[in-house]
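Student: Sharing a structure with you now.
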Amino acid sequence: MVDLLGGAVVVSAFAAGAGTLGLMWYLRQYRETVSATWFIATLGVQALIAFAYGLGLLVFDPALRAHAEAVVWVGLAWLGPLFLGFALSYTGRRDLFRSRRFRTLFAVPAVGSLLALTHPLHGLLWQEFRITPLFGLATVRYEIQPLGFAVAAIALAAAAVAVLLLVETIVAYGPLYRREAIAVAVSTLPPAAAFVVWLAGVGPWPELNLGVAMLVPHVLFDAYAFVGTHMFETNPTTQRAAARSALDDLDNPLFVVDADGRVVKRNDRAESLFDAETPPRQPIALDRLVGVDLATLLEAGEIEVDREGGRVFSVSYTPLTDSADTEVGGLVVLYDISTERRQNQQLDVLNRILRHNLRNELTVILGRAQLIESAATDSDLGSQAGTIRKAGERLRSISEKARDFSRVADREPRWVETDLASLVASVVHEAREAHPEAEVDVEVDVGAEESPSSVRVDPDLLSLALSNLVDNAIVHAVDEPTVRIRVSDLAASGREREIESGPEGGNDPERGGIRIAVSDDNPEIEAAELAPIRSGDETDLQHGSGIGLWIVKWCVTALRGELRFEYDGGNVVVIELPPVEPTDGSR
């Protein structure tokens, strides 16, 4: 007859088994998570141990009782390695549990299970198996053999290593995973201690394995970790990957987000800008902190913050992966672009005001200068008025060039099929209308016979560049202005240069593209004019006198081309444009 204490032991065993099955049912929602899969497997053998031992305590047939004990040993052999697999994957050490050493560890429970299930054939795990009833239960005693102690010791060692890994997580990652890791680590202590006592054969009831009864508090701690917290909704793998990235010390606001886009860590700068009234508990939905979710934030590419007088940040996102290259989250870094944005706004306003006012005031100045020049009876006064008029016209020309460039500067190039002959003819026509005294010659030798001058280019940018080159050559002519424009295939031009002077730098002549050379008979352009164009920067001691060549430089750069300045009895400005495939940004 089972007495009260015996009944309590049996009920505890079945309660532990039932509670374990309940946890397995709850965790099925996380079964796609690697660490949850390992823990579910651990719980499976734990339930096997609990039910096998509970049933065995009620079976007095020696053969059946021995088989029940064998099943308990099967569970004990597998429990430690499976728990270690969970700890490795949960803490982001998947490279270790994918290693050969870890796989080799599972040979121990495999061999132990085989020996336990074949116990009637040998005495390698235990000997002198006998039933010694206690509290009305079919408790047993037997002599554990060295091989049995080895199987048990390896299982305990694996479980101990797993606990240490979880403790390391507690120390390394602060409060985010502390409660979960503490609960799981502490849950192993009661059954492990009771099992060691039983294994050593000490205590008042050496025939009773109270480790199974101690699975009850173990299950309760696990239930708290899984049901009451976010143990498998996010895990330390995300932060481990973030730690490897060495970005925690950035002065820029930084968020570490998990695979669901929730914030699991913020640096001090992020906390100072966001979340002044939000509880510190993490993980936190990103939209609770910054006002938008991750997808919206990345699509916008920037965010405005009201604090600190109003700031504007650009958004950078870097995926975080574990050692198995599985994406486990990401780093969201905000870069302060407030100063650049404010400067751009100021420049836009100043640009519009200056262009508008400059145009209006120049109209007045030029009108009055022309009136004075035509009405002046004093030749000196007329000459002075003419000087004012010419200076005003040069200033108006600069303003018009800046206006023309601003129309195309703030957009991406439009790569379209363009007839170069027609484009150059249009540029030449405008130049001849503006400067009827100028002689402008054109030679276009591009492409195949069926489409002699069709190339993919942005016609607005190329027209603007050529117009400025032609205009620059005409207005700086000493005698009668003469301008020559030659358009040719880049490959053909390159072969000609190789024959004449050997290979030289620049674009590869074999890759295709076009070459446009604009030449004149003028004196060589001063080095002071070309130096800033070539260096790409103007300084107080090194600057040009106009904007025309800068516009040419900007247009050619936008067209992905190269600009060269040569001199051979006159200035030769060469534009080399690479080929653009239809799939490369065409629209």
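Student: Using the Kirkwood formula on the Cα atoms of the range 55-106, what hydrodynamic radius do you get, in angstrom to one decimal? Don't jump to the answer; show the numbers that get you there.
Tutor: Working: mean 1/r = 0.0773 Å⁻¹.
Value: 12.9 Å, from the Cα pair sum.
Student: Can you compute 3J(HN,Hα) from phi for each residue in the range 26-35, using the Karplus curve 6.51 cos²θ - 1.76 cosθ + 1.60 with θ = phi - 60°, rounded to whole Hz and x for Gly and Pro?
Tutor: 5, 7, 4, 5, 10, 5, 7, 7, 4, 5
Student: Taking the full set of protein chains and a 1.4 angstrom probe, give the accessible area of residue 74 in square angstrom, rounded to the nearest 10.
Tutor: Residue 74 has an accessible surface of roughly 20 Å² with all protein chains in place.
Student: May I pose another question? Can you spot the lysines whose alpha carbon is less than 18 Å from residue 390's alpha carbon? Ignore those fewer than 8 places along the same chain.
Tutor: Here the lysines satisfying the reach criterion relative to residue 390 are 401.
Student: How much accessible surface does residue 287 have with a 1.4 Å probe, in Å² rounded to 10?
Tutor: 70 Å²
Student: What does the extension gain come out to for residue 121 and residue 377, with contour length at 0.36 nm per residue minus their alpha carbon separation?
Tutor: On the way: separation 256, 0.36 × 256 = 92.16 nm, distance 13.43 nm.
78.7 nm is the gain from fully extending residue 121 to residue 377.
Student: What figure, in Å² to the nearest 10, do you get for the accessible area of residue 205 with a 1.4 Å probe and non-protein molecules left out?
Tutor: Probe radius 1.4 Å; accessible area of residue 205 about 90 Å².
Student: Count the net charge of all other residues whose Cβ sits under 11 Å from the Cβ of residue 142, scoring Lys and Arg as +1 and Asp and Glu as -1. Before the final figure, lay out the partial values.
Tutor: Working: positive: 65, 130, 141; negative: 69, 128, 143, 207.
It works out to a net charge of -1.
Student: Sorting 304, 143, 576 by accessible area (1.4 Å probe), largest first, what list results?
Tutor: Values: 304 135, 143 85, 576 0 Å².
In descending accessible area the options line up as 304, 143, 576.
The values are calculated or read from the model by the stated rules, or taken from the named source; none is laboratory data. Note that the structure is predicted; figures quoted are calculated from it, not measured. Virtual Cβ from ideal backbone geometry, glycine too; neighbours counted across all protein chains shown. For accessibility, only protein heavy atoms count, side chains too; no ligands or nucleic acids. Shrake-Rupley method; radii C 1.70, N 1.55, O 1.52, S 1.80 Å.
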